[in-house]
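Visitor: Below is a structure I'd like to ask you about.
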Amino acid sequence: MKRFYKIFLAGILSCVLLFSLSSCKERKAPVKYSEQETYPVTIENITLSQEPESIVCLSQEILTALDELGMIDKVVGISSDSSQPEGKTLPQLGTVQNPDTAQILSLKPSLVITSYPFSAKEMEEFQNQSIQVLVLPLKEDGTADTSQLYLLQGNPQGESQAETE
């Protein structure tokens, strides 16, 4: 009987050792939000491969939305009919329907956001300087639809664009 207990105890110890060694797998650290792949993102008519470094916005609604997103420091120019952001004095670059394209080009922003399309000639000038132009649709009340501007900060879950719509 003693022999049976010794064998039984040896078997149990072997199983415990086997299970404890099998759970010693190397575990990966959780992925932090800042390390997740959040780009590229597509907003309306453009695809951004990275967060824009500098932005020209040509309407007050767009400026307000960028401020709410904490991106006001990236704004380098505004429309003439927009209010200056608190604590900043930015160049005024014409109106949404009559922008000063030459002055916008001189600022070399990485992104221009508007709700009114530029002419084909102006678009070509922007493309030649690798400046992306985001044309937001208008809501029924005639203001810019800024609902997708949060994507400027990257797709929060690294989801494909189809999943976010």
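Visitor: Given the condition of a type in the set (Ser, Thr, Tyr) and either touching a strand residue (DSSP E or B) at 6+ places or on another chain (Cβ under 6 Å) or touching a residue at least 40 places away in the same chain (Cβ under 8 Å) (or both), answer yes or no: does some residue in segment 150-164 qualify?
Guide: Within segment 150-164, one or more residues are of a type in the set (Ser, Thr, Tyr) and either touching a strand residue (DSSP E or B) at 6+ places or on another chain (Cβ under 6 Å) or touching a residue at least 40 places away in the same chain (Cβ under 8 Å) (or both).
Visitor: For Asp145, all conditions in the list (1) closer than 18 Å to Val41 by Cα; (2) within 15 Å of the chain's Cα centre (by Cα); (3) among the acidic types (Asp, Glu) hold save one; what is the number of the exception?
Guide: (2)
Visitor: Hey, another quick one. Which one is modelled with the lowest pLDDT, of the residues in segment 136-157 that are more than 14 Å from Glu51 (Cα to Cα), aliphatic (A, V, I, L, M) and buried (at least 17 other Cβ atoms within 10 Å of the Cβ)?
Guide: Step by step, filter segment 136-157, then rank; the result is Ala144.
Visitor: Looking at segment 136-149, which of its residues are under 13 Å from Leu66 (Cα atoms), touching a residue at least 60 places away in the same chain (Cβ under 8 Å) and of a type outside the set (S, T, N, Q)?
Guide: Answer for segment 136-149, where residues must be under 13 Å from Leu66 (Cα atoms), touching a residue at least 60 places away in the same chain (Cβ under 8 Å) and of a type outside the set (S, T, N, Q): Ala144, Leu149.
Visitor: If I filter segment 111-133 for residues that are in contact with a helix residue (DSSP H, G or I) (Cβ under 9 Å, 6 or more places away or on another chain), farther than 18 Å from Asn45 by Cβ, of a type outside the set (Val, Ile, Thr) and touching a residue at least 24 places away in the same chain (Cβ under 8 Å), do I get at least one hit?
Guide: no
Residues checked against (1) out of contact with any His (no Cβ under 6 Å at 6 or more places or on another chain); (2) in contact (Cβ under 8 Å) with a residue 24 or more places away in the chain; (3) among the acidic types (Asp, Glu):
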residue: Ala65; (1), (2), (3): yes, yes, no
residue: Leu69; (1), (2), (3): yes, yes, no
residue: Asp73; (1), (2), (3): yes, no, yes
residue: Val76; (1), (2), (3): yes, yes, no
residue: Ser82; (1), (2), (3): yes, yes, no
residue: Lys88; (1), (2), (3): yes, no, no
residue: Pro91; (1), (2), (3): yes, no, no
residue: Gln97; (1), (2), (3): yes, no, no
residue: Ala102; (1), (2), (3): yes, no, no
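The values are calculated or read from the model by the stated rules, or taken from the named source; none is laboratory data. No experiment lies behind these values; they were computed from the predicted model shown. Cβ atoms come from the backbone with ideal geometry, glycine included; neighbour counts cover every protein chain shown.
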